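See below for the structure under consideration.
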Amino acid sequence: MASQNMFHDLYYHLVFVTKEREPCIRGPDEHRLLEAALDAKVNQLGAILLGFGTWLDHGHLLLRSKPSLAVSVLCGQLKGFSSRVWNLKHPEIRLEWCRGYYAATVNPTDHQGLLRYIRRQREHHMERMSIDRWEPGELLAMARTSASAQRSATELLAVAPS
């Protein structure tokens, strides 16, 4: 990407996890809805969505962006817009993203392997062939811990004497 006397080639790998690891991204229709929403918002922000892949409770994105667009702003805009589009289309299955996100820079000359991995998310997870360096373990664990803590508190409240 070039703009007024500068050249930049910034690639980001982003991962968003559903709140409490809710498995709401169940099939190709849900995947396409999210991909269309994310692509529209990425373009509106002046970036380029190169790849998108989902599993039941998370989505991976590979995109190219300009240096003036902060990653935190990008992630907030993408998560907010995609969940809004989803919830208008599927009010019976609410999509909420967990508070955090995973973001890593990617070498522009070495992104093809990651792109293939992202596009084949469902196959990798179904075959239990995920690649650790591209699966943000800490974020996924944080979402899992948050979900467990929430469920435990709810269970305790259900049996507490009134």
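GLY53 satisfies every condition listed in (1) touching a residue at least 12 places away in the same chain (Cβ under 8 Å); (2) surrounded by fewer than 19 Cβ atoms within 10 Å (Cβ to Cβ) except (2). Counting only helices (runs of 4 or more DSSP H) that sit wholly inside segment 35-131, those with at least 1 residues that are within 12 Å of the chain's Cα centre (by Cα), farther than 28 Å from MET6 by Cα and modelled with pLDDT of 95 or more are 71-89.
Residue-wise test of (1) over 17 Å from LEU10 (Cα atoms); (2) in contact with a Cys (Cβ under 9 Å, 6 or more places away or on another chain).
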position: ALA40; (1), (2): yes, no
position: ALA47; (1), (2): no, no
position: VAL73; (1), (2): no, no
position: SER83; (1), (2): yes, no
position: TRP86; (1), (2): yes, yes
position: PRO91; (1), (2): yes, no
position: ALA104; (1), (2): no, no
position: GLY113; (1), (2): no, no
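The values are calculated or read from the model by the stated rules, or taken from the named source; none is laboratory data. For clarity, every value in this text was computed on a predicted model and none was experimentally measured. Glycine also receives a Cβ, built like all others from the backbone with ideal geometry; neighbour counts cover every protein chain displayed.
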